[in-house]
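Asks: Can you read through this structure? Questions will come right after.
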Amino acid sequence: LIDDAWNEVLAGRAAAEDMLTLIAAMSAESTLAVWQAMINALRQLARVMPEERRAGFATTCADICRPALRRLGDPQPEGTELDASLRGLLIRTLGTVGADSDTIAWCRSTVEQARAGASVDAEVLAAATVVVAQHGDAAEHAALIAAFESADTPQEQLRNLYALAEFDDADLVEATARFALTSSVRTQNAPFVLRACMANPAGGRRVWDIISDAWDDINERFPTNTIVRMVDSVKWLVDDDDLADIPAFFAEHPIAQAAITLRQILERQQVNAAMARRVATEFSGS
């Protein structure tokens with residue numbers, strides 16, 4: 001139901017406001033898959049929400065997610081993996097899309113405790129690390145790089161690496177993208193860091209410029225099957241210049257091994273651009 005409703009919004013046959021009403025009506029859900037679909041819609045709406053409505057939209061998202069997190073409570077030994085994943089998803093959404101100040105403060109405290117050696121549930125720590133990064137500064141960016149470089153396990157290393165893409169600061173997002181192109185980051189991980197950076201509204205276009213400038217080197221160094229997955233996030237670069245420049249780039253630099261997938265990505269870019277225009281009109285001044 002949620003997926004179908006969201007597809008109607010994307011197609012222009014349903015209003016985003018109605019989507020919010022539906023999600024709010026289903027907020028008593030306890031199933032991870034349903035919450036994943038609802039939060040996917042909320043995140044995408046957050047990307048295209050007019051500036052004057054973002055604070056109100058964030059409050060709405062927090063109000064939707066907060067009761068579900070309270071019902072889950074703290075991690076318990078008898079808890080299921082699905083509950084753990086849902087808890088992490090809700091924490092991350094509350095602290096990022098919902099910009100909930102209490103959640104942000106709690107996540108900072110949780111990350112500090114983990115860095116001091118305290119044992120923290122893996123899903124909770126992963127979510128808290130993303131929240132801290134999004135609201136972090138250059139000092140936190142440096143701390144995450146240090147944590148990545150000194151990590152004891154692959155899971156810890158990747159948690160800190162991917163969180164580097166989440167900062168709400170274009171300079172820090174660009175710094176992460178350039179870091180991903182260094183020898184410090186494995187070539188099998190770097191494409192996905194770049195994809196996450198390009199998906200970040202704070203610096204996505206800058207990251208695309210970095211990728212396009214380094215295109216030949218990237219194609220030489222990175223696994224062939226990761227190239228089209230890396231550029232998936234161009235579907236969220238929807239300014240007028242992006243809609244012209246990016247398809248023109250790929251007309252000259254095709255991804256031969258994934259031509260159909262690339263065409264789908266560029267089609268989704270057009271769909272997202274149209275949806276962004278409709279949402280801007282629907283919510284502007286209302």
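The values are calculated or read from the model by the stated rules, or taken from the named source; none is laboratory data. No experiment lies behind these values; they were computed from the predicted model shown. Note: ideal-geometry Cβ built from the backbone for every residue, glycine included; neighbour counts use all protein chains shown. The accessibility values were calculated without ligands, DNA or RNA, using every heavy atom of the protein model including side chains. Shrake-Rupley method; radii C 1.70, N 1.55, O 1.52, S 1.80 Å.
Asks: If you scan the stretch 39-63, which residues turn out to be open to solvent by less than 10 Å² (accessible area, probe 1.4 Å) and small (Gly, Ala, Ser)?
Replies: Ala41, Ala62
Asks: Which condition number in (1) under 15 Å from Gly88 (Cβ atoms); (2) crowded, with 19+ Cβ neighbours inside 10 Å is the one that Gln155 fails?
Replies: (2)
Asks: Ok, one more. Tell me, yes or no, whether the stretch 247-262 has at least one residue that is assigned to a helix (DSSP H, G or I), within 22 Å of Ala165 (Cα to Cα), free of Cβ contacts under 8 Å to residues at least 60 places away in the same chain and of a type outside the set (D, E, K, R).
Replies: No: the stretch 247-262 contains no residue that is assigned to a helix (DSSP H, G or I), within 22 Å of Ala165 (Cα to Cα), free of Cβ contacts under 8 Å to residues at least 60 places away in the same chain and of a type outside the set (D, E, K, R).
Asks: Please verify whether the stretch 94-111 includes one or more residues that are open to solvent by less than 40 Å² (accessible area, probe 1.4 Å), among the charged types (D, E, K, R) and touching a residue at least 12 places away in the same chain (Cβ under 8 Å).
Replies: Yes, some residue in the stretch 94-111 is open to solvent by less than 40 Å² (accessible area, probe 1.4 Å), among the charged types (D, E, K, R) and touching a residue at least 12 places away in the same chain (Cβ under 8 Å).
Asks: Answer with yes or no whether Gly117 is open to solvent by 20 Å² or more (accessible area, probe 1.4 Å), under 20 Å from Val173 (Cα atoms) and not hydroxyl-bearing (Ser, Thr, Tyr).
Replies: When the stated conditions are applied, Gly117 does not pass them.
Asks: If the requirement is being out of contact with any Lys or Arg (no Cβ under 6 Å at 6 or more places or on another chain), touching a residue at least 40 places away in the same chain (Cβ under 8 Å) and not basic (Lys, Arg), which of these qualifies: Val124, Val193?
Replies: After ruling out the rest, the residue left standing is Val124.
Asks: When you scan the stretch 73-85, how many residues do you find that are among the aliphatic types (A, V, I, L, M) and open to solvent by less than 40 Å² (accessible area, probe 1.4 Å)?
Replies: Number satisfying all stated conditions: 1.
Asks: For Ala256, indicate whether it is modelled with pLDDT under 95 and either touching a Cys at 6+ places or on another chain (Cβ under 7 Å) or of a type in the set (Gly, Ala, Ser) (or both).
Replies: Here the answer is yes, as Ala256 does meet what is asked.
Asks: Answer yes or no: is there a residue in the stretch 29-38 that is open to solvent by 50 Å² or more (accessible area, probe 1.4 Å), touching an Asp or Glu at 6+ places or on another chain (Cβ under 9 Å) and in a helix (DSSP H, G or I).
Replies: Checking the stretch 29-38: not a single residue is open to solvent by 50 Å² or more (accessible area, probe 1.4 Å), touching an Asp or Glu at 6+ places or on another chain (Cβ under 9 Å) and in a helix (DSSP H, G or I).
Asks: Tell me which helices (runs of 4 or more DSSP H) are completely within the stretch 85-188 and hold 1 or more residues being over 29 Å from Ser27 (Cα atoms) and out of contact with any helix residue (DSSP H, G or I) (no Cβ under 9 Å at 6 or more places or on another chain), or say none if there are none.
Replies: Result: 101-115, 138-149, 154-163.
Asks: Residue by residue through the stretch 189-211, note down the ones that are open to solvent by less than 40 Å² (accessible area, probe 1.4 Å) and outside any helix (DSSP H, G or I).
Replies: Once the filter is applied, which keeps residues that are open to solvent by less than 40 Å² (accessible area, probe 1.4 Å) and outside any helix (DSSP H, G or I), the stretch 189-211 yields Asn189, Asn200, Ala202, Gly203.
Asks: Which residue pairs have Cβ atoms under 9 Å apart, sit 6 or more places apart or on different chains, and have a first residue in the stretch 164-190 that is under 21 Å from His135 (Cα atoms) and modelled with pLDDT of 95 or more and a second that is open to solvent by 50 Å² or more (accessible area, probe 1.4 Å) and of a type in the set (Lys, Arg)?
Replies: Ala165/Arg195; Ala170/Arg205; Ala170/Arg206; Asp171/Arg206; Val173/Arg206; Glu174/Arg206; Ala177/Arg206
Asks: Checking the structure you have, find out if any residue of the stretch 39-49 is over 12 Å from Val279 (Cα atoms) and more than 19 Å from the chain's Cα centre (by Cα).
Replies: No.
Asks: Can Trp215 be described as of a type in the set (Phe, Trp, Tyr) and crowded, with 19+ Cβ neighbours inside 10 Å?
Replies: When the stated conditions are applied, Trp215 does not pass them.
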